[in-house]
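Beneath this line is the structure, given in structure tokens, with notes to follow.
The values are calculated or read from the model by the stated rules, or taken from the named source; none is laboratory data. Please read these numbers as outputs of a predicted model, since none were measured by experiment. Here Cβ is always computed from backbone atoms with ideal geometry, including for glycine, and neighbour counts include all displayed protein chains. When the accessible area is computed, the model is the full protein with side chains, heavy atoms only, and any ligands, DNA or RNA have been set aside. Shrake-Rupley method; radii C 1.70, N 1.55, O 1.52, S 1.80 Å.
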Amino acid sequence: MLQEFFRRIDHQLHGYLQQHKLPLVLAGVDYLQAIYRHVNTYPALMATGITGSQDQTSGDSIREQAW
């Protein structure tokens with residue numbers, strides 16, 4: 001079920017990111033990043049992501065870590 005969920009996310013993000021030529025940095029726990037990477041079709045997915053639970057992390061903090 002997670003793979004199907006991530007496929008749907010990938011499909012939706014792909015068009016937006018491709019249009020704007022943006023890199024994609026994943027933020028989340030390792031095992032979920034691994035599942036997403038398996039189904040990803042976007043060529044500008046960054047090789048490394050931000051690991052760990054991001055439930056209590058602000059968007060600004062995640063953005064800073066991504067840069």
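Here are the numbers for this structure:
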{"read-out": "One residue from Leu17, Leu22 being at pLDDT below 90 and either assigned to a loop (DSSP other than H, G, I, E, B) or touching a helix residue (DSSP H, G or I) at 6+ places or on another chain (Cβ under 8 Å) (or both)", "value": "Leu22"}
{"read-out": "Matching residues, region 26-58, being in a loop (DSSP other than H, G, I, E, B) and open to solvent by 50 Å² or more (accessible area, probe 1.4 Å)", "value": "Thr41, Pro43, Met46, Ala47, Thr48, Ser53, Asp55, Gln56, Ser58"}
{"read-out": "Options Thr57, Thr41; residue that is closer than 19 Å to Gln3 by Cα and at pLDDT below 95", "value": "Thr41"}
{"read-out": "Condition met for Leu17 (in contact with a Pro (Cβ under 9 Å, 6 or more places away or on another chain) and open to solvent by less than 90 Å² (accessible area, probe 1.4 Å))", "value": "yes"}
